[in-house]
Every structure is written in C-alpha cells, then in structure tokens.
1. Bins of 10 Å, beginning at zero and ending with the bin holding the largest distance: percent of Cα pairs per bin for the range 30-69, please.
2. Give, rounded to the nearest 20 debye, the magnitude of the charge dipole that the chain has about its Cα centre when Lys and Arg contribute +1 at Cβ and Asp and Glu contribute -1 at Cβ.
3. Let me check against my output: what whole-number percent is the relative contact order of the range 11-69, with C-alpha pairs under 8 Å and at least 6 apart?
4. Once fully extended, how much extra length lies between Leu35 and Ala49, figured as 0.36 nm per residue of separation less the alpha-carbon to alpha-carbon distance?
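A short reminder: the numbers here are calculations on the coordinates, not readings from a lab. Just so it is clear, the model here is predicted, and its values are computed rather than measured. Here the Cβ positions follow ideal geometry from the backbone for every residue, glycine too, while neighbour counts run over all protein chains shown.
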Amino acid sequence: MNWIVKDSCFDKQLVTTNGNKYMLGNGYMGYRGTLEEFSKTELAAVTLAGLYDRAGDKWREPVNAPNGL
C-alpha cells in the first residue's frame, strides 16, 4: 500500500493540523512535521514513546526531548 500526503499551499492557520499530519516516527521517538525555522510557538516537538508527564491524575502529556534539528 502506498500513501501520498501533500498540500498545494501553505496556510499559517493550519500549523497545528499540518504538524500532526506530517509527523514522523520510528516507534521510539517522533518529530512533529514542522518547518526547520519553526520554534515552540509553532509547536515544533520531539516526543519520546512511553514517557509521559502528569500532575496527579488530572492530565497526561508526552515528554518533549531536545530538538536536534
């Protein structure tokens, strides 16, 4: 099965959606699909599989690793 995921234009309003759509991963870590000039404002992130942060039992979120890119 082959997949092709593409967009024909850039829309700054869709930064979060596109970051999720173009996420890359190998089962151990993942990188949100963001442009190289993006920063934390545009939600650039490297996440590690199986590591989570939480406050009590209220919420859970993946842990971010240093962004080597």
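1. For the range 30-69, the binned pair fractions read 28, 46, 23, 3 percent.
2. Using Cβ point charges on Lys, Arg, Asp and Glu, the chain gives about 160 debye.
3. Values: 80 pairs, mean separation 14.4, N = 59.
Relative CO of the range 11-69 lands at 24 percent.
4. Numbers: separation 14, 0.36 × 14 = 5.04 nm, distance 2.19 nm.
Answer, rounded to one decimal: 2.9 nm.
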